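Everything on this sheet refers to the single structure shown next.
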Amino acid sequence: MGILEKFEQFEGEGAGRYDRAVSKLSSLLYWHAIRDLKKLGVNGRYLEAGCGPGILAVRVARELGVEVVAFDLSVSMVEIARKRARDAGVNVRFMVGDVENDYFGEFDVVYSTFSLHHWNNPEKGLKNLWRMVKSGGVLYILDARKERFIGHGLSFDKFRSLFEGLENAEKIEVRKRFPLMASAVAVKGV
Ligand SMILES: C[S@@+](CC[C@H](N)C(=O)[O-])C[C@H]1O[C@@H](n2cnc3c(N)ncnc32)[C@H](O)[C@@H]1O
């Protein structure tokens, strides 16, 4: 098993391994996400999809002062995330769920980081997340970007194309982000 494959095992021991590695890199990994989400300036209820060990969800709840609900397919990740929130004294509701099928209600902001390229069917996952964005609300995705000889995740063109089919999107902004990341912001029409 290669280093990256080992790093991307999300159940059992793999979840703990991911948590320890990402905890060390979190300021770099979540730099864009925290800044972008703050810049949106949206209050209310946030939903995080594929939240892993909950590092970002806890930061978003604390730093943006918003209500956060977060879910992940991996039971082990959700257990780590619940403990993190408890230890930090931050109120985030973590649940096990599948981005492609589960419905958690409507939110002002639905966001996800470094998870989309793991979904079996990213089109279906995005469509499902989009139905949980309130009218006038925002969908925000940050993911790894694959370039020709380097990188991990989807190519920028593939990533961008996923957002073309969102129904009733008022504004869509897809950008390359440094280093080897891509982000998308889509605002739902009222
Ligand atoms: C690379 S980790 C990213 C975790 C976290 N968002 C972060 O930024 O560190 C990818 C996560 O996506 C989750 N995931 C993969 N497929 C999923 C799905 N269909 N529904 C929900 N979560 C999923 C995995 O269990 C894993 O925790």
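Laboratory data are not the source of any read-out in this text; all were calculated from the coordinates shown. All values reported here derive from a predicted model rather than from experimental measurement. No Cβ is skipped: glycine too gets one built from the backbone with ideal geometry, and neighbour counts run over all protein chains shown.
What relative contact order, as a whole-number percentage, does segment 27-188 give when Cα pairs under 8 Å and 6 or more residues apart are counted? Provide the component values of the computation, followed by the final result.
On the way: 317 pairs, mean separation 29.1, N = 162.
After rounding, I find 18 percent.
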*If you take the charge dipole of the chain about its Cα centre, with +1 on Lys and Arg Cβ and -1 on Asp and Glu Cβ, which of 16, 90, 179 is farthest toward its positive end?*
179
_What percent of all Cα-Cα pairs in the chain falls into each 10 Å bin, going from 0 up to the bin containing the maximum distance?_
9, 39, 40, 11, 0
*Classify segment 8-105 as rounded, prolate or oblate, taking a ≥ b ≥ c as the square roots of the eigenvalues of its Cα gyration tensor: rounded when a/c is under 1.5, otherwise prolate if a/b is larger than b/c and oblate if not.*
oblate
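Using +1 on the beta carbon of Lys and Arg, -1 on that of Asp and Glu, and nothing else charged, what's the dipole of segment 27-188 about the Cα centre, debye to 20?
Numbers: 25 positive and 20 negative charges, 96 e Å.
Using only the charged Cβ atoms, the result is roughly 460 debye.
So for segment 27-188: antiparallel DSSP bridges make up what percent, rounded to the nearest 5?
On the way: 15 of 36 bridges.
Restricted to segment 27-188, the bridges split so that about 40 percent are antiparallel.
As an exercise, use a Förster radius of 30 Å and the Cβ-Cβ distance of residue 98 and residue 13 to find the FRET efficiency, rounded to the nearest 0.05.
Working: r = 22 Å, r/R0 = 0.73.
The calculated FRET efficiency here is 0.85.
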_residue 176 paired with residue 79, simple spin-label distance in nm, labels 7 Å along Cα-to-beta-carbon_ = 4.2
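Largest first and in whole Å, give the semi-axes of segment 122-190's equivalent ellipsoid, each being the square root of 5 times a Cα gyration tensor eigenvalue. Each step should come with its number before you reach the end.
Working: eigenvalues 110, 25, 16 Å².
They are 24, 11, 9 Å, listed largest first.
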*Given 5 Å bins starting at zero, what is the percent of C-alpha pairs of segment 47-94 in each, up to the one with the largest pair distance?*
5, 29, 38, 21, 6, 1
*Neighbour-count ranking [beta-carbon atoms within 10 angstrom, fewest first] of 69, 174, 99*: 174, 69, 99
